[in-house]
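Below you'll find the structure, written out as C-alpha cells, and then a few comments.
The values are calculated or read from the model by the stated rules, or taken from the named source; none is laboratory data. Please read these numbers as outputs of a predicted model, since none were measured by experiment. Here Cβ is always computed from backbone atoms with ideal geometry, including for glycine, and neighbour counts include all displayed protein chains. Keep in mind that these areas ignore ligands, DNA and RNA; they rest on the heavy atoms of the full protein, side chains included. Shrake-Rupley method; radii C 1.70, N 1.55, O 1.52, S 1.80 Å.
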Amino acid sequence: MTSILYLGIMLFFVGAVIPLISVRKTKNYAYILPTTGAVTLAIFGAYLLFTPPVNISSISITPVLEFVFRGDAISGFFIFVISILTFSVSIYSIGYTKSLANKGVMGFLFSIFILSMYAVVLSGNIITFLISWETMSVVSYFLVTFDREEKSARAGLIYAVMTHVGTAFIIALFLILYKYTGYTDFSDIKTAVKDLPDAIKTVVFVFAVIGFGTKAGIIPLHTWLPEAHPAAPSNISALMSGVMIKTGIYGILRIAVDVLGIGPEWWGIAILVIGAVSSVLGILYALMEHDIKRLLAYCSVENIGIILLGIGASMVLASNGLYKLSAIAMTAGLYHTLNHAIFKGLLFLGAGSVVHSTHTKNMEDMGGLIKLMPYTAIFFLIGSISICALPFFNGFVSEWLTYQSLLFGFKSVSVTAKVVAPMGGAALAFTGALAIACFVKVFGISFLGMPRSDHAESAKESSPSMIAGMAILALLCLVFGIFPDSTIKLFSPAVLSLTGAEYMSSGKNILYISEIASGLSPLAILVAMLAIFFAAVVLIRVVGGKRKITYGDSWDCGIPSLTPRMQYTATAFTKPIRIIFKKIYRPRQDVKISYTLKPLLVKSIKYSSEITPFFDRYFYKPVANFIHSIAGKVKYLQSGALHLYLGYILATLILLLVFMS
Amino acid sequence: MKNWIDLLYVIDFISVGILLSAVVLNTLKRLESCIKAYIFNSWLLSILVFFVAIKTGNLHLYIAAFLTLATKGILIPMFLSKIVRQMKVTRTVEPYLSNSLSLTISGILVTIVYTSLREGILVTGFSVHVLKISIAVALIGLFIMITRRKAITQVLGLLFMENGLFLAGFSLTFGMPIIIELGILFDMLMGVIILGVFIVQIRRNFSSVDLDSLTTLKG
C-alpha cells in the first residue's frame, strides 16, 4: 500500500518540476498532477486510518541524522484533510494562476509546499519533523512574498519572525525530550516519557503550546495571520489557512496529547482558556476588518479557537477519567478541523475570485457582485453559512458536538472543570452570534446592493476551473453536514489512538450521545425545513388566493435616483458592535470638516475611525522596541573605523594567547 | 652536534634582531625609514632561513631563503618606496599614539607573549625564543596597523605580521612545503601591488589616504 504513497509523492514531484520546464501556455495544466496526487494520497490517508501504524521508510544518513517516516491514524486523518483541500485548490489554481507572472515558480512552490505538509504529518522522528517543518515554513514564506510588493515583503518578514520564534520553542522542546529520554523517535519517546518527572512534562507541554500555537495562530501569537494571508495569492491563502495552520493543531495533538499522554487537569483547562480567548477575540477583530482576506484570516484565529475548545475539553475530561466523553470531545475537535479546512478553503477561494475580478480587497469598494458573479456568490454564501454553524451544513455538526462536549464538563469530578468548561460553551455561543454578524456583513456588503466602484461594476464571473474548485468544496460542506455519522466513522480510529476510546454513534445517520440522551439528525432537519418551506408556499397559494406582482423602484426617500453612496457601508454596519465592545476595541475617531464659509457652508466632512490593535501596540511594540534598543547599543561596536576592528582582533588574539596557553 | 648548538645561538641572536627591527618601527617618523626597517627585518629573516638551510642541507630551504630575500627584501620595498615617492608630500606616519606610549605598549605585548608561553625546545630543535619572538612580531605588526592613520602604514604593519607568521611557521615545522611557500609569497606580492595601486588611486581621488575618512562608508 505504500506504493500508493510513492505514486502520490512522485506525482507531486513531477508536478513541481513540469511548470519550471514547460512552455508558457501549458503551465497551468500542470496543476492536474497535484490534483491526481491529492486523490492518491487521500486514499493512502484513508488506508492509514484503518490499519495499524505503518513504517513507510527510514533513510539513515549518519547515526544521528536519520529520516524516519511513519504513518498512523492521526497522520492518516491529517493527510486526508490536506488531500481534500489540495484536490479542489489545485483545480482552482488552473484558472486562477492564468494571469499570474512567474507561473512556473508558482507551480513549483505550490507542489513543494503541499509535499512538505505531508512530510510534517508523516514524520516519525525529531530530525525529520524539524526539517519538514522548516521546509514548510520557508516555502510558505516564498509564497507569501510571491507578488514582490513592499507590503508583501513586510508581511513576509512578520511571518518569518513569528514562525521562527515558534520553531525555536519546538526545537527546545524536542531537545528536552531527547535529553531526558535519549530517543529521537516519536514512538520510543512515547514509551519512555512516562517515567519523566512532572516538571519536565509541563515544560514540554508549555513549549508545545507556544511553538505549535504560533503556527496555529492562537491569540496572542496570531499577529502573522492577518498579515500573511492577505499578502499571499488566494489559492495559497486557502491552503495556508485551510491546512497549514492545522499542522500546528497536529503538533499540539502529537506532542501534548499523543506523546505526553494524559496530563494534569490544568493542561486541558489552559487549552480551553486559550481556545475561548482566541475564538472570541478572533471574531471580534474579524468584525472590524474591511479587507476581505484580513477578515477571513482573523476568522481563522476564531476557528482555531473552536478546535482548541474541543481538544481542551477532551483533555479535561480525560484527566477526570471520563474517557468515553473525552472521545466525543476529541471527535468534535477533529471534525471541526476537517470542516474548517473545507469551508475556510472555500471562503478564501471565493474571496480570491472576487479579488481577482474586482482588483480590490476592500469590501467598501465591492457590492452587487451577486448579479455579476452568481456562482461565486452562491458558493461564498454556502461557505458563510457553514462557518456560521447554521443547520445542515458541516459547521453546524461540529459546533454542536463541541457545545455538547463542553457541557460534559459538569460530569467531571473537579470543580474547576465544572466551572471552566461551561464557560467555554458560553464563549462559543457568543462567538457563534458574532460570526453570523460578521458574515452577514461580508456577504451583504460585498455581494448585495449596488456596485460601489467601477471595479465592482466591471466584475466578471471567474473561469470554469475556479468555479469547479469552489463547487467541490461547497458540495463537501453539504455532504459532511448531512452525513455526520459516516464522517465520524471515517476518522474514529484517529480519535481512538488519541484518547483510547471511541465515539460510537447510533449508525442511523443520527448523532446520538447516550450519556446525556441527546441526539441530532441533520438530514431530518433538512427534510423538515424543506417540508416547512413547501408547506408555507402551498399555504400562501391556497389561503392568499391569486395575487398580482407589480414591479417598481425602491423607495428612495424622495431623493431622485439612488446612488451607491447611499448604501449601508461595512463601517456603519459594525458600528453598534464597535460601540458595545468599546473597552476591547478602544476605537479612535477623527472628524475633519472643511468649510467654504464657516459655519454655514460645509465643503466636505471627512470621518475616519480606527481601532487600537491591542496586541501589536501593548505586546509586540514594546518587545520590538526593547530588541531595537539593545541592537542600537550593540551598534556602537560597529563604528565603521578600520582601526577599531583591528583592535578587536588584537584584543582577541591576546586574550586567546593568555588563556589558552 | 656542538656546531648545531652554536648555530642555535646565532639563530636566537638573529631573531632578536628581527624583534628589534619591529619594535623600532614604533619610533620612526618618516615613511622611508619605516620601509628601511622592513628591509632590515626581511633580510634578517632570509639570513636566518639561509643558516638553517646550510645546517640541514635542505634544498627547499635554500629556495625559501632566496625567495624571501627576492620578494620581501627587494621587490616589495622597492615598490613601496616608489609609492611613497609618488605621494610626494606628507611622508610622515602620523600615529594616533605618541612614540613613548606605543613603545611601552609594544613592550607589554612582548612581555605578555613571553609570560604566556612555556620555556623549552621545539620539535625542530629551535629554542622557544624564536616562536615567542615570531608571535610578538606578528602582534606588533597588528598593533602598528591599529595605531597608524595612513593606508601605507597599514600595509607595512601587515607585512610585519606576515614576517612574524612566517617565522612562527618556520620555527615549528621548518616552513611549509615549497609550493605553499611560493603561493604565499606570490599572494603577498600581488596583495602589496594591489594595495599600492589602491592607495595611489585613493590619494588621487580623495587627496588623502587617511583611513578615518572610510568611517563615512558605514551604513
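For the reader, a short list of remarks on this structure follows.
- Assigned charges on the beta-carbon of Lys, Arg, Asp, Glu; segment A:90-249 dipole about Cα centre (debye): 200
- Net charge dipole size for the protein assembly as shown [Lys, Arg +1 and Asp, Glu -1 on Cβ; Debye, nearest 20]: 2300
- Taking the Kirkwood radius as Rh and the Cα radius of gyration as Rg, segment A:87-150 has a ratio of Rg/Rh equal to 1.05.
- Largest-first principal axis extents, alpha carbons of segment A:262-546, Å: 61, 46, 34
- Using heavy atoms of the protein chains and a probe of 1.4 Å, the accessible area assigned to B:Glu119 is about 130 Å².
- Per-residue SASA entry for A:Asp365, accessible area with 1.4 Å probe, Å² rounded to 10: 60
- Share of carbon and sulfur in the accessible heavy-atom surface of chain A [1.4 Å probe, %]: 70
- Put simply, the amide H of A:Asn125, placed in the peptide plane, has neighbours under 5 Å in A:Val68, A:Phe186, leaving out anything fewer than 5 places away on its chain.
- Segment A:614-660: Cα Rg divided by the 2.2 N^0.38 Å rule of thumb: 1.85
- Hull volume in cubic angstrom per residue (convex hull over the Cα atoms of segment A:404-486): 142
- Ligands, DNA and RNA are left out, and with a 1.4 angstrom probe the accessible area of the protein assembly as shown is 44 Å² per residue.
- Across segment A:442-556, Cα-Cα pairs more than 25 Å apart make up 59 percent of the total.
- In summary, segment A:1-130 shows an alpha-carbon radius of gyration equal to 1.10 times the 2.2 N^0.38 Å reference for compact globular proteins.
- Peptide A:636-649 shows a mean partner chain C-beta count of 4 within 10 Å per residue C-beta.
- A compact globular protein would have a Cα radius of gyration near 2.2 N^0.38 Å; the ratio found for segment A:116-206 is 1.32.
- Residue-averaged [θ]222 nm for chain A, counting only DSSP H segments that reach four residues, each worth -39500 (n - 2.57): -22500 deg cm²/dmol
- When the alpha carbon coordinates of chain B are projected onto the principal axes, the ranges are 59, 35, 33 Å, largest first.
- Accessible surface of segment B:4-99, 1.4 Å probe, proportion on carbon and sulfur as whole %: 75
- Remark on segment B:127-157: accessible area falls by at least 30 square angstrom from chain-alone to full-complex state for B:Leu139, B:Leu142, B:Ile146, probe 1.4 angstrom.
- In order along segment A:256-265, phi translates into HN-Hα couplings of 6, 9, 6, 6, 6, x, 6, x, x, 4 Hz, rounded to whole numbers, per the Karplus curve 6.51 cos²θ - 1.76 cosθ + 1.60 with θ = phi - 60° and x for Gly and Pro.
- Segment A:242-361: translational diffusion in µm²/s, Stokes-Einstein, Kirkwood Rh over Cα pairs, 25 °C, 0.890 mPa s: 163
- Protein accessible area in segment B:113-158, 1.4 Å probe - carbon and sulfur %: 67
- Rounded D (µm²/s) - segment A:567-623, Kirkwood Rh over Cα pairs, Stokes-Einstein at 10 °C, 1.306 mPa s: 115
- More than 18 Å apart - percent of Cα-Cα pairs taken over segment A:213-282: 45
- Here the Karplus curve 6.51 cos²θ - 1.76 cosθ + 1.60, taken at θ = phi - 60°, turns the phi angles of segment A:636-643 into couplings of 4, 4, 8, 7, x, 7, 4, 4 Hz, with x standing for Gly and Pro.
- A versus B: buried accessible surface, summed, Å² (probe 1.4 Å, to nearest 100): 1400
- Sorted largest first by accessible area at a 1.4 angstrom probe radius, with every protein chain in place, the residues A:Thr163, B:Thr104 fall in the order B:Thr104, A:Thr163.
- Chain B: DSSP helices with Cα axial extent of at least 20 Å and average Kyte-Doolittle hydropathy no lower than 0.5: B:2-23, B:31-56, B:99-116, B:128-147, B:151-173, B:178-206
- Note that segment B:1-83, at 25 °C in a medium of 0.890 mPa s, gets a Stokes-Einstein diffusion coefficient of 181 µm²/s from its Kirkwood radius over C-alpha pairs.
- With the whole protein complex present, A:Thr191 retains an accessible surface near 100 Å², based on a 1.4 Å probe.
- Rg to Rh, two decimals, where chain A supplies the alpha carbon set and Rh follows Kirkwood: 1.01
- Rg over Rh for segment B:90-160 works out to 1.08, both radii taken from alpha-carbon positions and Rh defined as the Kirkwood radius.
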